Amino acid sequence: MKNTHPVIRFFNYHFGTEITNSQEEQVLSLYRRESVKRKNLLFRQGDINARHYIIEKGLLRLYLIDPKGKEINILFAKENQVIGDLATPEPTDFYLEATEDSIVYSIEDKDLESIIEFLDISYKFDNTLLRRSYVHIQKRLVSILSNSAEENYLEFQRKHPDLIQRLPQYHIAAFLGISPEFLSKIIAKTAREK
């Protein structure tokens, strides 16, 4: 199997579309490769961000800051995943930060729409990516509302063992909606129970 470009691999995987060489050229011409250093922001609250990001290498986090100044992690995205603000091109409520040195491919929302039309995958796009995003958010909300902090940590650990190794505990705590100190207690308790 040939070494497929990360953007093309993303489209093939998520939409079951085999992109021809001529289509590949046109698709890739609309993406911009960016190297992002750890702790650098791709956008911040209030920006009118109209870009979506496919991660080739690294880890990004989408977060917001509540009125008390507390960071709340909404989503993490790693290799071969996409991230951005779905409300684009409205002013965003979020921050998007690299938690590791990262390489991403970004595209303007209007250009992504052009690609979707060009490849004739609008139905698949609407019913695949958007549905997955919606289901993910629903499950996360139900988990936050119905599970204990310990149950949510154990679920995060089960679903994302690689992120447990890659993220500092304070980012995991901010994702779970608890303090880093409380997360430390949960980790200690689960380690004692093993």
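In the context of the full protein assembly, LYS57 retains an accessible surface of approximately 100 Å², using a probe radius of 1.4 Å and ignoring ligands and nucleic acids. Dividing the radius of gyration of the alpha carbons in the chain by their Kirkwood radius gives 1.00 for Rg/Rh. The H on the amide N of LEU42, modeled in the peptide plane, is under 5 Å from the matching H of LEU96, GLU97, ALA98, each at least 5 residues off or on a different chain.
Taking amide H as placed 1.01 Å from N in the peptide plane, LEU75 has its amide H under 5 Å from the amide H of LEU62, each at least 5 places away in sequence or on another chain. Per-residue surface analysis assigns PHE76 an accessible area of about 20 Å², computed on protein heavy atoms at 1.4 Å probe radius.
What a 1.4 Å probe finds exposed on the chain is 53% carbon and sulfur by accessible area, rounded to a whole percent. Pairs of Lys residues in the range 1-98 are counted when their Cα atoms are under 26 angstrom apart and they lie 8 or more places apart or on different chains; the count is 11.
Spherically averaged projected area of the convex hull of Cα atoms, the range 67-120: 5.2 nm².
Extents of the range 1-111, largest first, come to 51, 26, 22 Å (Cα atoms, principal axes, whole angstrom). Can you tell me, using C-alpha contacts under 8 Å and at least 6 residues apart, the relative contact order of the chain as a whole percent? The normalised contact order for the chain reaches 22 percent. Residue-wise HN-Hα couplings along the range 8-14, as the Karplus relation 6.51 cos²θ - 1.76 cosθ + 1.60 with θ = phi - 60° gives them from phi, are 5, 4, 4, 5, 4, 5, 7 Hz; Gly and Pro carry x.
Normalising the average separation of contacting C-alpha pairs (under 8 angstrom, six or more residues apart) by the number of residues puts the relative contact order of the range 9-100 at 37 percent. The lysines whose alpha-carbon is closer than 24 Å to the alpha-carbon of LYS189, local same-chain residues fewer than 8 away aside, are LYS159. What does the accessible area of ASP120 come to, in Å² to the nearest 10, when a probe of 1.4 Å is used? Taking all protein chains as shown, ASP120 has close to 130 Å². 3J(HN,Hα) along the range 61-71: 10, 9, 9, 10, 10, 6, x, 8, x, 7, 7 Hz, from the Karplus curve 6.51 cos²θ - 1.76 cosθ + 1.60 with θ = phi - 60°, whole Hz, x for Gly and Pro. Sparsely packed loop sites in the range 63-121 (the trypsin sites (Lys or Arg not before Pro) outside DSSP H, G, I, E and B with at most 14 other Cβ atoms within 10 Å) comprise LYS68, LYS70.
The listed residues ARG166, ARG9, ARG44 rank as ARG44, ARG9, ARG166 when sorted by accessible area, largest first, using a 1.4 Å probe.
The values are calculated or read from the model by the stated rules, or taken from the named source; none is laboratory data. Here the structure is a predicted model, which means the values were calculated and not measured. Note that each Cβ is placed from the backbone with ideal geometry, even for glycine, and that neighbours are counted across all protein chains shown. Ligands, DNA and RNA are stripped out before the accessible areas are found, and what is left, the full protein with its side chains, is counted by its heavy atoms. Shrake-Rupley method; radii C 1.70, N 1.55, O 1.52, S 1.80 Å.
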